[in-house]
Amino acid sequence: MAIQAGQALSPDALYHAADPGQIGFQSTAELEGALEVPGQERAMEAIQFAAGMRLHGHNAFVLGPAGSGRHAFVRHFLTTRADAGDTPSDWCYVNNFRDPRQSTALALPPGLGRQLQDDVAQVIQDAQSAIPVAFESEEFQNQREAIDEEFKEFQEKAFSELEAEAKQRDIGIVQTPTGFAFVPLADGEAMRPDAFDKLSEAEQQRYQAHLEELTKRLSRITRSIPKQARDMRHKVRELEREITTVTVSSLFEDLLAKYRDHAVVVEHLGAMQADIVDNAQLFLSRGEPPGKRARLPTFPRADESAAARRYAVNVLVDRGNDHGAPVIFEDQPSFAQLIGKIEHEAQFGALITDFSLIRAGALHRANGGYLVVDVAKVLSYPGAWEGLKLAVKSGEIRMRSLGDDLGFVSTVTLEPEPIPLDSKVILIGERIHYYLLDALDPEFRNLFKVAADFEDEIQRTPDNVGASAQYYAALIREEGLRQLSSGGFLRLSEASARLAGDGERLSGNIRQTTDLLREAHYWAERADDELIHREHVERAIEMRRKRSSRHRDRLLEETLRDTLVVETQGERVGQINGLSVLQLGDYAFGRPQRISASVTLGAGKVIDIEREVELGGPLHSKGVLILSGFLGSHYVTDRPLSLSASLVFEQSYGGVDGDSASAAELCALVSALAELPIRQSLAITGSVDQHGNVQAIGGVNEKIEGFFDICTARGLTGEQGVLIPVANVKHLMLNPKVIDAVERGQFHVYPVDTIDCCVELLTGVPAGEKGEDGEFPTGSFNEAVRRRLIELASKRRAFVVPTDKAGGGSGG
């Protein structure tokens with residue numbers, strides 16, 4: 001379609017309708033359906049590459065705007081791929097009997113971890129019954145009594161021999177509160193002290209020597225008793241070990257045979273068997289009721305036996321019911337949720353822990369598969385990003401406490417054996433997250449080498465339109481919605497183009513279009529129609545606009561009440577209707593605003609009042625500065641600019657940014673210079689360069705409709721319209737009401753490419769082209785501007801160099 005600047009657009013140019021020839025179905029029920037996001041081939045190839053590349057660091061960062069279907073695509077793709085993959089190992093933690101602080105990690109075939117846990121629990125339960133029975137057996141009791149008798153016999157024999165020898169020497173043994181003592185005897189009775197004093201000195205010395213010798217022998221006997229007691233206890237322990245070994249061996253025999261093909265299990269069971277032999281007393285303190293399982297509970301009980309806690313298997317990851325590789329979406333990626341945690345129990349006022357209190361994190365569950373996290377969330381949790389990077393970089397999951405890392409906690413804790421990590425990590429976030437991490441984190445690029453960038457918009461080609469239909473068909477089946485008719489689908493694709501703000505593109509925001517489909521399903525259901533037709537989609541669009549348009553309606557109401565001044569009739573010098581867009585959530589709408597310009601004699605400066613009061617953003621200020629360059633280069637290349645001009649958005653009380661009003665500001669400025677009025681029935685949008693070319697802007701549909709709504713409310717006269725850049729014609733997807741008004745000749749949309757084209761439409765005066773002599777045709781708009789600028793330059797020169805020098809000479 002040929003577009004001619006300055007000529008009003010035909011109704012066909014205002015709406016890029018969908019082509020029924022691009023689809024070959026009457027309803028989406030005829031389609032197979034595929035949950036593949038259309039038009040995102042670049043991102044899909046990147047994710048496929050990252051998933052297939054096994055080398056270190058080729059993890060993926062999926063970047064793009066919210067609502068682009070990133071999560072849905074990643075979930076669908078990874079789940080499909082994972083189903084064909086191998087199921088990874090179970091992971092368990094068991095007690096390290098040599099160093100309980102360094103718990104041992106076991107990798108087992110899928111499902112074997114829970115089986116081992118049950119088998120070990122059964123063995124412990126059996127041992128808690130069998131070991132006490134063995135210790136109460138007649139054979140054990142007889143052997144234990146024999147050891148006790150041997151010790152008693154040793155004591156009795158030693159004391160009997162000492163007592164007999166003492167009697168031979170007329171010395172007796174008596175027991176005192178502090179032990180045994182020797183006393184001289186007379187006629188078989190203890191000698192009184194006065195009787196002993198009457199003995200001769202030789203007799204006394206003989207008794208004294210015997211007493212000293214017997215005391216020494218008693219001391220040797222007494223000192224030997226602890227050693228004999230130790231020997232006795234050692235024999236008892238050896239007896240207990242022997243009886244325990246026999247008992248436990250029978251319990252472990254079948255278990256060892258069952259796991260003989262798993263060396264790590266056999267090694268642990270051997271160490272466990274040896275430890276039970278060394279700690280048989282753990283099984284003598286209490287017994288479990290028959291039939292009670294000793295499996296380690298998820299939340300350990302305070303009344304759980306010490307044996308069950310010491311020997312149980314802590315199944316960290318159970319793959320028994322899994323098929324294929326795991327795909328884990330972690331919605332709360334805190335440090336503990338990612339890396340796992342070591343819990344503590346309070347006992348007698350102290351915090352204690354052991355291997356049974358180790359809990360798995362998302363990395364454990366995703367090991368051997370895929371972990372997907374939202375980067376904004378993982379960055380919001382203290383230590384989570386560093387913990388994730390360390391695991392990915394080192395290729396292992398090392399359990400530790402975040403409090404220990406930060407130095408906040410000094411509680412004694414565990415140092416479990418690290419678990420090897422073989423998992424692809426997929427980060428999902430917006431582009432700002434990717435580029436900030438790339439710029440500020442030197443490790444980021446080495447760990448996340450693959451960027452999967454989702455498009456904001458996709459080309460409106462037959463292939464992409466067909467792919468969209470397949471996507472909607474799959475979604476309809478998945479959610480049980482009514483099928484789309486061909487007309488309903490075409491209207492939905494047109495709505496997608498409107499969301500993209502481009503008649504030649506489709507929106508990449510899948511969330512908005514699928515939500516629109518769900519709302520259209522509601523209206524079809526209300527109408528009791530079997531299919532979702534075009535009118536149902538139209539109703540959904542209209543109701544969505546109505547729900548979100550409260551602020552827009554209030555602004556329109558205040559404009560119609562003349563609280564906010566926007567004129568749609570008459571003519572004004574230096575005043576024009578500019579167009580802006582307000583975005584509230586997902587709803588955008590146009591707001592006409594009056595822009596005015598004033599010109600006085602000055603030093604060539606164009607004042608941006610918005611910038612002066614700090615309401616104007618840098619892009620808006622840039623657009624205003626361009627105006628000065630255009631004035632000088634287009635009108636007065638042979639003279640300095642000698643004006644002082646001010647530009648302002650009237651009744652603007654918030655920030656202004658963007659350069660889409662620069663064409664309107666320039667038109668208002670040259671109108672003030674030429675002193676030629678602008679038709680207030682027209683509004684304009686577009687940015688301008690230093691050569692006066694009008695350039696494309698955003699939100700063109702909303703801007704046109706914003707001015708149209710005011711004109712419609714006041715009454716269409718056939719003179720009203722909007723000027724837009726030629727480059728924006730391809731973006732037009734206007735409301736049917738606007739198209740109907742254009743078709744009836746009541747409203748107009750003019751494409752413009754230069755400021756000269758703009759002023760001709762706005763003022764009705766020919767712009768005039770500059771001749772070879774640098775002058776514009778007499779009576780043209782540009783000639784009036786140049787004449788005014790020359791006048792201002794002359795007046796300024798008159799102030800600087802006065803013509804009357806009579807009072808300022810140096811006469812005699």
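The values are calculated or read from the model by the stated rules, or taken from the named source; none is laboratory data. Given the structure is predicted, the values throughout are model-derived calculations rather than measurements. Backbone-built Cβ (ideal geometry, glycine too); neighbour counts: all protein chains shown. To get the accessible areas, we keep the full protein, side chains included, count just its heavy atoms, and leave off ligands, DNA and RNA. Shrake-Rupley method; radii C 1.70, N 1.55, O 1.52, S 1.80 Å.
Return the label of the correct value of Rg and Dmax of the Cα atoms in Å, as calculated from the structure shown, out of [x] 28.3, 94; [y] 28.4, 112; [z] 47.3, 168. Step by step, Rg and Dmax of the Cα atoms in Å for this structure corresponds to label [z].
A DSSP coil position with no more than 14 other Cβ atoms inside 10 Å describes none of the chymotrypsin sites (Phe, Trp or Tyr not before Pro) in region 668-758. For region 334-491, the convex hull drawn through the C-alpha positions has a volume of 188 cubic angstrom per residue.
Computed on region 658-738, with alpha-carbon pairs under 8 angstrom and 6+ residues apart, the relative contact order is 32 percent. Solvent-accessible area assigned to carbon and sulfur over the chain amounts to 50 percent, based on a 1.4 Å probe. Between helix 700-714 and the chain, what is the angle of the helix's C-alpha long axis to the longest principal axis, kept within 0 to 90° and rounded to the nearest 10? Taking the Cα atoms of the chain, the angle to 700-714 is about 60 degrees.
If R0 equals 45 Å, the separation of the Cβ atoms of residue 550 and residue 19 corresponds to a calculated FRET efficiency of about 0.80. Working note: 222 nm ellipticity from helices only, DSSP H runs with n ≥ 4, each -39,500 (n - 2.57), summed and divided by the residues of the chain, gives -15000 deg cm²/dmol to the nearest 500.
If the segment from residue 518 to residue 224 were pulled out straight at 0.36 nm per residue, it would be longer than the present Cα-Cα gap by 96.6 nm.
The angle between the Cα long axis of helix 510-526 and the longest principal axis of the Cα atoms of the chain comes to about 80 degrees, rounded to the nearest 10. For the chain, the longest principal axis of the alpha carbon atoms and the long axis of helix 70-83 meet at an angle near 50°. Probing with 1.4 Å while keeping every protein chain in the model, the per residue accessible area of the chain equals 49 Å².
In the structure shown, the pairs 167/227; 703/730; 152/235; 377/546; 703/770 are assessed against 22 Å; a Cα-Cα span above that value is assigned to 167/227; 377/546; 703/770. The peptide list 518-527, 757-766, put in order of mean Cβ contacts within 10 Å with the highest first, becomes 757-766, 518-527. Using a simple spin-label model with pseudo-atoms 7 Å out from Cα toward Cβ, residue 478 and residue 386 lie 3.8 nm apart.
Label point of residue 461 set 7 angstrom out along Cα-Cβ; within region 1-28, amide nitrogens under 18 Å from it belong to 19, 21-24.
Taking a straight Cα-Cα cut-off under 16 Å and skipping sequence neighbours fewer than 8 places away in the same chain, the lysines within cross-link reach of residue 449 are 389, 393, 424. If R0 equals 41 Å, the separation of the Cβ atoms of residue 76 and residue 542 corresponds to a calculated FRET efficiency of about 0.80. Packing here is the average count of other Cβ atoms within 10 Å per residue, and on that basis the peptides 386-394, 698-706, 541-549, highest first, run 698-706, 386-394, 541-549. Over all other residues within a Cβ to Cβ distance under 10 Å of residue 474, the charged ones net out to -3, with Lys and Arg as +1 and Asp and Glu as -1. Across the chain, C-alpha contacts under 8 Å between residues 6 or more apart give a mean separation that, scaled by the residue count, equals a relative contact order of 17 percent.
For the pair region 222-284 and region 516-582, the centres of their Cα atoms are 83 angstrom apart. Within region 652-802, DSSP assigns beta bridges of which about 25% are antiparallel (rounded to the nearest 5).
Among beta bridges from DSSP that stay inside the chain, the antiparallel ones total about 60%. Give the shape of region 476-551 as rounded, prolate or oblate, defined through the alpha-carbon gyration tensor: a ≥ b ≥ c are the square roots of its eigenvalues, a/c under 1.5 means rounded, and otherwise the shape is prolate if a/b is larger than b/c and oblate if not. It is oblate, given that a/c is not under 1.5 and a/b is not larger than b/c.
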